[in-house]
Amino acid sequence: MDKKLIGIDLGGTTIKFAILTLAGEIQQKWSIETNILDEGSHIVPDIIDSINHHLDLYNMTPEQFVGIGMGTPGTVDLEKGTVVGAYNLNWKTVQNVKEQIETQTKIKFAIDNDANVAALGERWMGAGDNAADVVFMTLGTGVGGGIIANGAMVHGMGAGGEIGHVNVEPGGYQCTCGNKGCLETYASATGVVRVAREMAEEFAGESQLKQTLDNGEEVTSKLVFDLAKAGDFLAKSVVDRVCRYLGLACANLASTLNPEYIVIGGGVSAAGDFLLDQVKAYFAEFAFPTIRNTTKIKLAQLGNDAGVIGAASLALKFQ
């Protein structure tokens, strides 16, 4: 009988699950709401119940699985399988995730940071073409990322791959991390709006974006990109600035690592080639010549499935 993998993508609002083949093909998918009440004490029991319930549903046994892999927010101890500091889950103290899940599902368990597992997913089954050297950058509410070098995830001393905190504007916008000028403050969904607000204050011409901001209406990063595509001068200037910072960050990462691919995903990347082409142009301007010709920048391909696919790949080590 062909063995299977389970991938879990633990988020602040939903927990996504998938059963996959060893080749990375999703066979079943489901999700449950994340219950963060009572300091997140329901999360792990809910995960265990959901797995055991679905194995019963599909007439499957623990013996049919090589392992379970999970991506989670927070700081992960890979060896112990613990998580701490996942504040959007209300996990303020150390959570012994591995111990609980292995004991109560009878399946081996591996865990890593959520941005890292999304990187593993895109590298394995998405835009990374299973290359040995891939950098993944996700532009969402924040900017996350993961670095794969020589086929292995880069963890450093625990915080490797914090791409969102690469400094692109010394003395720039205040970041939640305490520093100023992090990439996250400019290129995340909230960062794009922040750039738009600042630039609108100094802008004197005709602009629908400026009008929308001045009227106190809601502005999203999607709206900024849509208006830029439609030719709004201010919106185009905002997008140009954001892409310049992204191109600079990509050039610096590539000059350090020279990966085969830098893959850009997350909500902001939905702007597609309009974003990608401008980032590539700035990358070409800032990158070391050899790097410019060998590292390719691509859009992510897996969307919301990157997390469960990458998480499942963590369990391949149990084969």
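For every residue, the table says whether it meets (1) touching a residue at least 40 places away in the same chain (Cβ under 8 Å); (2) polar (S, T, N, Q); (3) open to solvent by 60 Å² or more (accessible area, probe 1.4 Å); (4) over 17 Å from V166 (Cβ atoms).
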| site | (1), (2), (3), (4) |
| --- | --- |
| E201 | no, no, yes, yes |
| E206 | no, no, yes, yes |
| V219 | no, no, no, yes |
| D226 | no, no, yes, yes |
| K229 | yes, no, yes, yes |
| A235 | no, no, no, yes |
| N258 | yes, yes, yes, no |
| L275 | yes, no, no, yes |
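Those residues that are farther than 17 Å from M199 by Cα, open to solvent by less than 40 Å² (accessible area, probe 1.4 Å) and part of a loop (DSSP other than H, G, I, E, B), I need them from the stretch 167-182; list them, please.
Correct list: V168, C175.
Residue check: is G24 assigned to a loop (DSSP other than H, G, I, E, B) and surrounded by 15 or more Cβ atoms within 10 Å (Cβ to Cβ)? Full working, then the answer.
Details: assigned to a loop (DSSP other than H, G, I, E, B): yes; surrounded by 15 or more Cβ atoms within 10 Å (Cβ to Cβ): yes.
Taking the combined requirement at face value, the residue satisfies it.
Is it fair to say L302 is modelled with pLDDT of 95 or more, hydrophobic (A, V, I, L, M, F, W, C) and within 30 Å of L227 (Cα to Cα)? Can you show your working first?
Details: modelled with pLDDT of 95 or more: yes; hydrophobic (A, V, I, L, M, F, W, C): yes; within 30 Å of L227 (Cα to Cα): yes.
Judged against the criteria, L302 is a match.
Going by what's in this entry, would V263 be described as buried (at least 19 other Cβ atoms within 10 Å of the Cβ), among the hydrophobic types (A, V, I, L, M, F, W, C) and assigned to a helix (DSSP H, G or I)?
On the way: buried (at least 19 other Cβ atoms within 10 Å of the Cβ): yes; among the hydrophobic types (A, V, I, L, M, F, W, C): yes; assigned to a helix (DSSP H, G or I): no.
It is false that V263 is buried (at least 19 other Cβ atoms within 10 Å of the Cβ), among the hydrophobic types (A, V, I, L, M, F, W, C) and assigned to a helix (DSSP H, G or I).
Mind counting the residues in the stretch 277-295 that are outside any helix (DSSP H, G or I) and open to solvent by 50 Å² or more (accessible area, probe 1.4 Å)? Give the steps one after another, and end with the answer.
The initial filter retains those residues of the stretch 277-295 that are outside any helix (DSSP H, G or I), namely 287-288, 295.
Retained after the next criterion (residues that are open to solvent by 50 Å² or more (accessible area, probe 1.4 Å)): 288.
Residues flagged as outside any helix (DSSP H, G or I) and open to solvent by 50 Å² or more (accessible area, probe 1.4 Å) within the stretch 277-295 amount to 1.
For the stretch 190-199, which residues satisfy the criterion of being open to solvent by 30 Å² or more (accessible area, probe 1.4 Å) and either more than 20 Å from V279 (Cα to Cα) or among the hydrophobic types (A, V, I, L, M, F, W, C) (or both)? Can you show your working first?
First pass over the stretch 190-199, keeping only residues open to solvent by 30 Å² or more (accessible area, probe 1.4 Å): 190, 194, 197-199.
Within the stretch 190-199, R197, E198, M199 qualify.
Could you grab me the full set of residues in the stretch 29-60 that are within 22 Å of the chain's Cα centre (by Cα) and either polar (S, T, N, Q) or open to solvent by 50 Å² or more (accessible area, probe 1.4 Å) (or both)?
Answer for the stretch 29-60, where residues must be within 22 Å of the chain's Cα centre (by Cα) and either polar (S, T, N, Q) or open to solvent by 50 Å² or more (accessible area, probe 1.4 Å) (or both): K29, S31, E33, T34, N35, I36.
Hand me the list of strands (runs of 3 or more DSSP E) wholly inside the stretch 39-155 holding 1 or more residues that are over 25 Å from C177 (Cβ atoms).
Numbers: elements: 65-72, 75-77, 82-84, 109-113, 134-139, 143-149.
It comes to 65-72, 109-113.
G69 fails exactly one of the following numbered conditions: (1) out of contact with any Asp or Glu (no Cβ under 9 Å at 6 or more places or on another chain); (2) under 23 Å from Q319 (Cα atoms); (3) touching a residue at least 40 places away in the same chain (Cβ under 8 Å). What is the number of that condition?
(1)
The values are calculated or read from the model by the stated rules, or taken from the named source; none is laboratory data. All of these numbers come straight from a predicted model, not from anything done at the bench. FYI the Cβ positions are ideal-geometry reconstructions off the backbone, even for glycines, and counts take in every protein chain you see. All accessible areas refer to the heavy atoms of the entire protein, side chains included, with ligands and DNA or RNA removed. Shrake-Rupley method; radii C 1.70, N 1.55, O 1.52, S 1.80 Å.
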